[in-house]
Each structure stands twice: as C-alpha cells, then as structure tokens.
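Below is one structure, written out as structure tokens; comments come after it.
Here, each number is a calculation from the coordinates, and none is a lab measurement. Fair warning: this is a prediction, and the values are worked out from it, not measured in the lab. Every residue, glycine as well, gets a Cβ built from its backbone with ideal geometry; the counts of neighbours run over all protein chains shown.
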Amino acid sequence: MTALAHVPTSAGSPAPPPARRGRNRLLPYLLLLPGAAWLLVFFALPLLQLAAASLYDPAGSLSTGYAMTWAVGNYPDALQAYWPQFLRSFLYSAIALVLALLMGYPLAYAIAQKAGRWKNLLLVAVVAPMFTSFLVRTLAWKTILSDNGAVVGLLRDVHLLGPDGRLLATPIAVVLGLTYNFLPFLVLPLYASLERLDPRLLEAASDLYASPLRAFARVTLPLSMPGLIAGTLLFFIPATGDYINAELLGTPNEYMIGNVIDSAFLVRLDYPQGAALSFLLMAAILVIVFAYLRRAGTEEVL
Amino acid sequence: MRQMAQETPAGDLRLADLTRRFGVFTAVDDLSLTIPQGSFFALLGASGCGKTTTLRMIAGLETPTGGQVLLGDRDITGLRPYKRPVNTVFQSYALFPHLDIHENVAFGLRRRGIRKVGDQVERMLALVQLQGYGRRRPAQLSGGQQQRVALARALINHPQVLLLDEPLGALDLKLRRQMQLELKRIQTEVGITFVHVTHDQEEAMTMADTVAVMNAGRIEQLGAPADIYEYPATAFVANFLGQSNLLAAEAGGHAGDDVLVTAHGARFSVPAGRARLVDGPAFLGVRPEKLHLVDGPDEVPAGHQHVGGVVTDASYVGVSTQYLVRTAWGSELSVFAANSGLGGRLATGTPVTAHWDPRHAFLLPRAGGADDQTTPLLDEPPVGALP
C-alpha cells in the first residue's frame with residue numbers, strides 16, 4: 001500500500017482538501033435557491049391566500065370586501081351544489097384515460113421498438129400539435145365534429161348516428177377532446193421507458209417458454225411501468241381539472257368542475273366558493289394519486 | 001460431415017441443409033451436421049462467420065431460408081421458440097432486470113405452469129454456487145455471477161439442447177478459465193447436449209468434445225479438438241485454430257508411403273496419411289512448436305527435414321520463446337522454443353536451421369497462386385453478434 005500512497009485517489013472516492021468542504025456542502029442549497037424562491041412566491045404564498053379565501057364569509061363580495069370568519073361550511077356547501085360536476089370530471093377523464101391508453105401504448109411501443117429510422121419523425125408528429133395553442137386545437141375539433149362535418153356525415157350515413165344526431169355539444173365530444181389534448185403527456189413518458197426496453201429480453205422470454213402475450217405481460221409491461229405510471233398521472237391530473245374542452249365542445253350539461261371554478265372566480269365572483277372547490281379538487285386528486293401509487297408500486301417513481 | 005447423419009438415435013440434434021440469407025448475404029450456407037445427444041459441441045469461427053445465426057436458428061429466434069432443424073425424429077424447423085425444448089444462455093445474459101434472481105431462474109418453470117418451483121430453484125442455484133442470492137436483483141451481481149444465473153435459468157428447464165452464445169465473452173481471463181471448467185463440470189453432471197458458440201479457439205478446445213470450425217457460413221472442419229489441431233483440413237483451419245507455417249508447395253505424387261513435395265526449390269515429403277492431396281498446388285504446413293532450431297544442417301537429426309534462415313526476431317513470453325526465422329526466399333517462419341532451461345536464447349541475426357519431423361507436417365490444398373501463409377489470423381473481438 002505504501003508504494004501506492006502517492007497515486008492520486010481515483011474518481012470513486014475523492015478526498016477534497018478540507019478548505020473547500022464548506023463550500024461544497026452549501027452548493028446543493030445554492031442550486032436549489034432560485035427554484036425554491038420561485039415556488040415560495042408564486043405557489044406556496046398564493047396557495048395560502050387561496051386557503052384563506054376558501055374560509056372567508058360567503059356573504060361578502062368583491063365590492064364590499066370579504067371578512068375572515070373561518071367559514072368551514074363553504075366546503076360542504078360547495079360540494080352540495082356541485083357534486084355532479086365533480087363526478088363528471090373524474091368520469092370523463094377516466095374514460096379519456098382508457099381511450100388514450102388504448103391508443104397511446106401501442107403508439108409508444110411502435111415508435112420505441114419498431115419505427116427504426118422513422119422514430120424521430122414520429123416523435124415530432126406526436127409533439128407537433130403542441131406548437132400551436134391548446135385553444136386553437138380545441139377549436140379545430142369543434143370544426144371536425146361539427147354537424148355539417150365529414151365525421152358526423154359519415155356516422156349518419158352508416159346509421160351510427162340518427163338523421164339529426166350530433167357529436168358536438170355531447171359528452172362524446174368532450175371526452176374525445178380530452179383524449180386528444182392530453183395524449184402526448186401519456187405517450188412521451190411511455191415512449192421513454194419502452195425505448196429503454198432491450199429486445200433481447202423478449203427473445204429471452206420467448207426462449208423460456210413465454211408466448212408473445214405472456215412475454216408482454218411478464219416483461220414488457222412491468223418494465224414499462226415507470227413510464228406508464230408517470231404518463232397516466234400526467235394525463236389524468238390536468239384532464240380532470242380541464243375546463244376548455246367542456247366549454248368549447250360541450251354545453252353546460254357537460255360542464256366539469258374546472259368550468260364551475262372558472263365561473264366562480266371570473267363570472268359569479270364568488271371567491272370563497274371558487275377557492276373551496278379548488279381545494280376539494282386538489283384533495284380528491286391527491287387521494288386518487290396516492291391510492292394509485294400505493295397499488296402500482298412506487299419503487300420506480302418516487 | 002454428412003456421413004454422420006445416417007443413423008440418429010432419438011435426441012440427436014440434426015441440421016439438414018440449413019441456409020439463412022440476409023438479402024444477398026448468405027450467413028449460413030447449406031449447413032448439415034449431427035450433434036450427438038449429450039455431447040459438448042463447439043461452433044468455432046470469427047465474428048460474421050454465421051455461427052450465431054446457426055445458433056439462433058436452432059433456438060427458433062431466426063427463421064431459416066431453407067433446410068431443417070431436427071431434434072431426434074422431430075422436425076422443429078417451424079416451431080416457435082417458446083415451444084422448443086431448447087434453451088439459450090445469451091451473450092448479454094439478458095437477465096430480467098425487474099425480477100430477482102429466484103424469479104429469473106423460475107421464469108421458464110412458471111411459464112409452463114409449474115407452481116412449486118422453490119426446491120428446484122434452490123437446487124439449481126446450488127449447482128451454480130449461488131445459494132443465498134435468490135432475493136438479489138441482477139444488477140447487484142458481478143458479471144461472473146450473472147453469467148451463472150443465466151446458465152441456471154436455462155438449465156432448470158432440462159432442455160434437450162442447451163445453446164451457449166459466447167457466454168464467457170464478457171468475463172476477464174481468470175474468471176473465464178474458471179467458468180470454462182465449471183461449465184464442463186455441469187455439462188458432465190446434467191448430461192444435456194451443449195452447443196457452444198465461440199470465437200475463442202482455446203475455449204473451444206478446452207471444453208468441447210467436438211469442434212466445428214466455421215468460415216463464411218460453411219463448416220470447414222469438424223472433429224475432436226486434437227484431431228483438428230494436429231491435422232487441419234484447410235489453410236483457414238490451420239491458421240484459425242492455433243498458428244501454422246504454411247509454405248506454398250507443389251505436391252508431386254506418391255513415393256512409397258509418402259507424398260513428395262517441392263517448395264521454393266527444395267524437396268520435402270509428408271506421410272500419405274497426413275496429406276489432403278497428392279498432386280497439384282499445396283501448402284506444406286508445420287506448427288511453430290513442432291519446429292526446432294539448430295546451428296546448421298549437420299546437426300539436424302536423422303529423418304528430419306529442414307530449411308535454413310536467419311533469426312529476425314525473438315520474443316520471450318515466459319513459457320516459450322517465439323522466434324521469427326527469415327528463409328532464403330523471404331518468408332518468416334514462426335518457431336516456438338519451449339523454455340525448458342536447455343540451451344540459450346538465440347540473438348537476432350543468428351543463422352539457423354529449422355527442422356521438423358515429417359510426421360508432424362501436413363499437406364493441404366492451396367488455391368493456385370497463393371503464397372506462403374505464416375502469420376496467424378487475428379482473433380476478431382466479438383462485436384455485433386449478428387449475423
């Protein structure tokens with residue numbers, strides 16, 4: 001060992017000179033500082049403000065001012081008034097999630113494993129719609145699903161729709177809009193984990209008596225789990241809170257909880273109610289996410 | 001090769017006219033051979049010679065362009081890989097990263113609907129000396145341990161044939177030697193047919209009962225390692241399996257039990273039993289360790305044949321000294337002198353006479369115009385297992 005004493009320590013166990021240790025220990029916190037400050041000012045403080053607003057006296061108004069009365073009753077009142085919209089939000093985004101999974105998994109798999117030299121082009125195709133605004137894309141769907149459009153015409157011709165049946169202003173339109181708008185958020189993380197899947201593992205599974213279906217269930221699916229979990233969350237959370245699709249493609253009968261919150265803040269100017277609904281939505285989503293992660297196994301995600 | 005395929009007891013693996021083309025490239029060219037049940041068979045060749053493609057066709061991972069794969073009397077050519085009683089130890093091991101060692105080894109049993117796998121897995125892990133590793137993940141094991149898991153995962157299914165695709169390629173030399181002995185021990189213990197693909201001639205020779213040397217999709221020679229080494233069939237084999245001094249020569253017919261040979265103006269002879277041809281362009285071959293160096297023609301023992309030259313290089317490699325001897329016509333012969341402690345080392349520039357016992361020489365066919373071949377074919381690294 002003495003003969004090796006002069007050899008500089010390898011990268012595996014660096015022994016920095018003591019003088020620099022203090023600075024090195026601070027470095028992670030310094031790196032954290034800009035983001036943390038941003039979150040504090042623009043997320044944590046407004047969240048507190050929103051929490052306070054949800055407990056204001058509901059009798060107040062924007063012109064007369066609100067009094068802080070710890071009105072916990074705002075919560076049950078809001079739920080009482082708008083539980084159908086709550087349920088609808090979760091129902092629509094759950095259906096949209098199922099549709100998106102049916103389309104997105106095969107799509108991500110094909111791009112990751114089978115696309116060859118078309119891979120980059122296909123990825124661009126998945127992301128490209130995001131280059132235009134969410135609003136514009138949803139308005140385009142309004143045209144696609146319009147009563148005089150080709151889709152409705154075709155469905156009427158094959159009698160899947162009645163002679164004056166329509167798609168626009170129905171739950172179908174809202175669910176389709178949600179599916180379309182959030183699909184890339186599901187596909188991209190899925191693609192990332194399927195892309196890392198070593199095809200030789202599938203050969204090994206096949207060599208070890210697994211039929212293609214079982215190889216999928218035992219190898220492909222478990223190995224794509226991190227992407228699948230991340231993708232479903234990235235899809236489900238914004239889809240549940242969305243209000244643009246119901247606004248543009250539906251009617252008040254299809255309104256989701258996002259529309260109610262939108263109108264509470266911007267139309268009815270009922271701040272306590274809007275704040276209470278926002279917190280209820282947040283809580284519901286957190287409960288669902290944690291239940292989901294517990295079931296799906298958090299090892300790879302958290 | 002073909003005469004071996006006459007009688008086949010159940011369980012022999014037979015390849016009949018097996019061909020695989022990738023576009024215009026023929027990876028495996030009309031290959032026929034029989035691998036007896038329970039034998040340790042090595043397919044030896046440089047990368048790109050078609051050995052891995054052959055293995056993948058036996059496993060069912062590659063579809064042959066033509067020909068058949070037969071196991072006993074059963075034609076398994078069209079069978080999907082998961083329906084073949086054949087398992088593979090992959091070059092990259094291909095262990096399932098999301099499963100622990102126990103579940104990796106149990107994978108094949110579970111897919112066949114066997115519920116109680118615990119005892120079998122434990123026994124298999126003991127066989128490859130990995131008891132107690134069942135709950136670890138593949139990433140937590142060393143390369144050698146992963147290799148043994150891959151072996152256990154394949155062996156536990158008691159396949160009729162176990163395919164090994166350069167499984168020792170990623171290990172360092174010492175571990176490789178150790179695993180070679182280990183594999184040989186396990187093969188003797190379980191008695192399953194092993195088909196081992198490798199580019200490492202030493203590995204093939206130490207482990208296999210029978211070696212097939214492949215080149216450009218065809219088998220150049222098949223036989224016991226010692227037989228191939230001592231009496232190669234072609235110039236390719238002579239230089240791929242070990243090293244040879246091949247002198248461009250002309251065979252000139254029989255003289256008693258010998259075949260007469262002329263090379264570079266000198267006359268030599270080779271026993272008829274060691275000559276692959278009697279007339280025409282030939283290579284006169286002698287292995288470097290069968291050449292001996294003396295000071296002059298007077299000291300050549302009776303019955304030995306010799307050529308003169310000058311030592312141009314001497315490299316001391318411990319067990320032996322490797323000399324290069326430049327002949328009068330300019331070729332450099334390799335000579336390995338065992339480092340037995342007798343005799344001193346020869347300095348470069350020393351005039352010497354290299355002699356050999358004609359019973360150690362061999363005569364191979366030569367394409368007209370080909371010159372001396374005295375440098376070894378370099379072992380290519382096993383990059384890109386396909387095709």
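With an 8 Å Cα cut-off and a minimum separation of 6 or more residues, compute the relative contact order for chain B in percent.
Numbers: 840 pairs, mean separation 64.9, N = 387.
Worked out over chain B, it gives 17 percent.
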3J(HN,Hα) from dihedral phi, the range B:89-97, Karplus parametrisation 6.51/-1.76/1.60, rounded to Hz, x for glycine, proline: 9, 7, 4, 8, 6, 6, 6, 7, x
Test item: B:94-104 mean partner chain Cβ contacts at 10 Å: 4
Spatially proximal lysines relative to B:Lys83 (Cα-Cα < 24 Å; intrachain offsets below 8 disregarded): B:Lys51, B:Lys116
Calculated P(r) of the range B:1-115 - Cα pairs past 21 Å, %: 45
Estimated vicinal HN-Hα couplings, Hz - the range B:322-331 in sequence order (Karplus 6.51, -1.76, 1.60; Gly, Pro = x): 9, 9, 10, 10, 8, 7, 4, 8, x, 7
10 Å Cβ neighbours from other chains, averaged over peptide A:196-206: 6
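When N counts the residues of the range B:122-276, how does its alpha-carbon radius of gyration compare numerically with 2.2 N^0.38 Å, as a ratio?
1.43
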Packing rank of B:91-97, A:150-156, where each peptide gets the mean count of other beta carbons within 10 Å, highest leading: B:91-97, A:150-156
Separation between Cα centres of the range A:174-227 and the range A:229-302, rounded to whole Å: 27
For chain B, calculated [θ]222 nm from helices alone, where every DSSP H run of n ≥ 4 adds -39500 (n - 2.57): -6000 deg cm²/dmol
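What number, rounded to the nearest 500 deg cm²/dmol, is the helix-based mean residue ellipticity at 222 nm of chain A, given -39500 (n - 2.57) per DSSP H run of at least four residues and division by all its residues? Write out the running numbers ahead of the final one.
Working: 13 runs with 189 residues, N = 302.
About -20500 deg cm²/dmol.
Rounded, prolate or oblate, given the Cα gyration tensor of the range A:23-97, with a/c below 1.5 counting as rounded? The partial results should precede the final answer.
Values: a/c = 3.76, a/b = 1.48, b/c = 2.54.
Oblate is the answer for the range A:23-97, as a/c is 1.5 or above yet b/c matches or exceeds a/b.
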GNM flexibility winner over chain B from B:Ala367, B:Ala249, B:Ala59 (Cα, springs under 10 Å): B:Ala367
Semi-axis lengths (Å, descending) of the ellipsoid that matches the C-alpha gyration tensor of chain B: 45, 25, 16
Long-range HN-HN contacts of B:Thr88 with modeled amide H, under 5 Å: B:Leu163
Average other protein chain Cβ within 10 Å of Cβ, residues A:208-221: 5
The range B:1-153 - percent relative contact order, Cα under 8 Å, separation 6 or more: 20
Prolate/oblate/rounded label for the range A:133-227 (Cα gyration tensor, a/c 1.5): prolate
For B:Ser320, distant residues with modelled amide H under 5 Å away: B:Asn339
Relative contact order of chain A, defined on C-alpha pairs under 8 angstrom at six or more residues apart (%): 24
Where Rh is the Kirkwood radius over Cα pairs, Rg/Rh for the protein assembly as shown: 1.16
Ranked packing of B:100-107, A:28-35, most packed first, by mean Cβ within 10 Å: B:100-107, A:28-35
Residue among B:Gly285, B:Gly309, B:Gly45 with the largest mean-square fluctuation in a Gaussian network model of chain B, springs linking Cα atoms under 10 Å: B:Gly309
